[in-house]
Amino acid sequence: MKASVWIVDFGSQYTQLITRRIRELSRKSEILTIDTARTRLKGGERPGALILSGGPQSVFLDREDYSAFFSDATLPILGVCYGMQLMAQTSGGKVERGVQGEYGKSKIDVLASGFPKGQSTVWMSHSDHVIQLPEGYQVIARSENRLVAAMAHETLPRVGIQFHPEVHHSENGMQWLSWFLDGIAKVKQDWTEADRLKDLTAAVKTVNPKRVLCAFSGGVDSLVAATLVHRALPGRVRCIFVDNGLLREQDTGHLKMLQEKTELDIEWVDASELFLSRLSGVSDPEQKRKIIGNTFIDVLEDESRRIEKKDGTPFDYLLQGTIYPDVIESSSPHGVSGKSVTIKSHHNVGGLPERMKLALLEPLRFLFKDEVRELGRDLGLDSEWLHRHPFPGPGLAVRIMGDVTRARIDCLKRADSILMNELRSSGLYASTWQAFPVFLPVKTVGVKGDGRVVEEVIALRAVNSVDGMTATITEFPWSFLTSVASRIVNEVPGITRVVYDLTQKPPGTIEWE
Ligand code: XMP
């Protein structure tokens, strides 16, 4: 099915959020690079509406010819942020370089009737702004600084919005988008949630990998990705679960259960000795991560070679459960010459595809976590499997400060079991984004029985978050925290003190290392 809404990506960090909102408004949309959109328009294709995204560039430096987007006066266009400035400039208006930009939450006043009305708070991120409207346009909203916050053509289906209606923090953002789609562009509803599974299955079939190696962690993303590809192409996915010896009790139990209850072919490779011996004596966090990442690749490579040799069919694709927030943190996924900014990267099997000459299959790379969960639900996966807390690839190693030893792993596993047990029995697991203990190799004095002890510390960390990029501290009931602490000091040998981490992200990251 062809997309009714084309989103032209000018490199905004929020482009995928626009497609997501368009899906929520029941329309199928497609993100296109500038070149593709231009070529297709020139070739005579016509979408129901065109959305020009924001972008980091400035119209003053951009010398490209965008006239193809504006040549058909009846084609409905929404320009967002940079897209609006481009619309203004290309249609004969004037854009000015801002001395001071508008960033973050701002208030706007909606002036004209027939639009989402009144004063509201929106999310802005721009320095240039439209100072003179093109002919035929009117101002429909102004910012607190009296700058043009939205404009619309009086007769043609053209709208420019300087703020980001696609961002969660923009009040009435969805109304602005639906006002454009329903009221201005009049694009018919043509997408339902059920189409997501159909579309992704079709996309996997189009790639048509012969044999897929899946680095399987048992987490939500790899489980959904593996199930999706397996259902699309039965018998072609081989999941390898690498046991690095840095797992919690809940992980081993979960993996065994998935081996039994799902139709996936999951091979469990116990490489704990290798990982722990390579980690011996290493206390630097970055070095730990590097050792774990490289060892993971070594093990996966050895194992896949062994499988290929045994049954004679080579792997041609590596399947990863990469989701959109992972992509936006590490690179520009589409777009104009990679102009969106790199923030950070969490990839666990980064070096493997090059080493093994595998192509990457990342069917979830344009979805957000909650959409992955919905997809998992549509695939019939158990809700409990889809709502597990995230767990980092390097496992308990980044929750043990200093050297990683078997004794410390055991200690942390016990503390984790207690915390999980209490979270589940008190009904707090589902409402918490992530909760875990951290082992601190700090000797503190305590009294156990009648004797003085000098033992170590467990810190408890729990946060609420939407995407892991920012996080607030979970305000657990005091009685819950004290009962977890009391169980840990009583049941975990070597621990006499429990503390609770009260740091938001930023500035603290969620994991301690
Ligand atoms: P930070 O510590 O960066 O974590 O605030 C944000 C989210 O990412 C998880 N995390 C990782 N996940 N590999 C992963 O797959 C990693 O190396 C990694 N490091 C952190 C973390 O648990 C949190 O949910």
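Points worth noting:
- ³J(HN,Hα) computed for each position of segment 194-209 - Karplus, 6.51 cos²θ - 1.76 cosθ + 1.60, integer Hz, glycine/proline x: 5, 5, 4, 5, 4, 5, 5, 4, 4, 5, 5, 5, 5, 5, 6, x
- Judged by the mean number of other Cβ atoms found within 10 Å, the most tightly packed of the peptides 427-438, 404-415 leads the ranking 404-415, 427-438.
- In the context of the full set of protein chains, segment 1-91 has a per residue accessible area of 36 Å² (1.4 Å probe).
- Radius of gyration and maximum dimension Dmax of segment 194-386, Cα, Å: 16.8, 51
- With the convex hull of its Cα atoms as the shape, segment 242-323 has an orientation-averaged projected area of 7.1 nm².
- Binned Cα-Cα distance frequencies in segment 5-185 - 10 Å width, integer %: 10, 43, 39, 8, 0
- Glu286/Lys309 FRET efficiency (R0 30 Å; Cβ-Cβ; nearest 0.05): 0.30
- Interchain or long-range residues, amide H under 5 Å from Ala471's placed H: Lys505
- Within the accessible area of the chain (1.4 Å probe), percent carbon and sulfur: 51 percent
- Dipole magnitude of the chain about its Cα centre (Cβ charges: Lys, Arg +1; Asp, Glu -1), debye to nearest 20: 300 debye
- Remark: segment 496-513, residue by residue, has Karplus-estimated 3J(HN,Hα) of 10, 9, 10, 10, 10, 7, 10, 9, 7, 10, x, x, x, 7, 5, 6, 7, 10 Hz, where x stands for each Gly or Pro and the curve is 6.51 cos²θ - 1.76 cosθ + 1.60 at θ = phi - 60°.
- Segments 391-402, 96-107, 457-468 sorted - mean Cβ within 10 Å per residue, highest first: 391-402, 457-468, 96-107
- Unpaired cysteine residues in the chain (no second Cys Cβ under 4.7 Å): Cys81, Cys411.
- Cα-derived Rg to Rh of the chain, Kirkwood definition: 1.02
- Looking at segment 194-386, the accessible area is 44 square angstrom per residue; that uses a 1.4 Å probe and ignores ligands, DNA and RNA.
- Rg(Cα) / (2.2 N^0.38 Å) computed for segment 405-500, rounded to two decimals: 1.12
- Protection proxy ranking for 194-203, 366-375, 160-169, using the average of other Cβ atoms within 10 Å per residue and placing the highest first: 160-169, 366-375, 194-203.
- One quarter of the surface of the convex hull around the alpha-carbon atoms of segment 67-164 equals 5.7 nm², the direction-averaged projected area.
- DSSP bridge orientation in the chain - percent antiparallel, rounded to nearest 5: 50 percent
- Computed helical MRE - 222 nm, the chain, DSSP H runs ≥ 4 contributing -39500 (n - 2.57), nearest 500: -10000 deg cm²/dmol
- Bridging of Lys256 to lysines at a Cα separation below 22 Å is possible for Lys413, once same-chain residues fewer than 8 apart are set aside.
- Taking every protein chain into account, the accessible area of segment 424-472 amounts to 48 square angstrom per residue (probe 1.4 Å).
- Local electrostatic count, Gly83, Cβ distance below 13 Å [Lys/Arg +1, Asp/Glu -1]: -3
- Taking Cβ atoms as reference points and 14 Å as the exclusive limit, the residues near Ser106 contribute a net charge of 0, counting Lys and Arg as +1 and Asp and Glu as -1.
- Simple label model, 7 Å out from Cα along Cβ direction - Asp182 to Thr155, nm: 2.7 nm
- Only one residue of Gly79, Gly93, Gly48 has its Cα farthest out toward the positive end of the dipole of segment 22-106, where Lys and Arg carry +1 and Asp and Glu -1 on Cβ, and that residue is Gly48.
- Sequence-distant residues sharing a close amide H with Glu267 (under 5 Å, placed H): Cys239, Ile240, Phe241
- Here the 3J(HN,Hα) profile of segment 400-416, calculated from phi with Karplus coefficients 6.51, -1.76 and 1.60 at θ = phi - 60°, is 10, 6, x, 4, 9, 10, 4, 4, 5, 4, 4, 4, 5, 4, 5, 4, 5 Hz, Gly and Pro shown as x.
The values are calculated or read from the model by the stated rules, or taken from the named source; none is laboratory data. Being a predicted model, the structure only gives us computed values, none of them experimental. Don't worry about glycine lacking a Cβ; one is built from the backbone with ideal geometry, like all the others, and counts go over all protein chains shown. All accessible areas refer to the heavy atoms of the entire protein, side chains included, with ligands and DNA or RNA removed. Shrake-Rupley method; radii C 1.70, N 1.55, O 1.52, S 1.80 Å.
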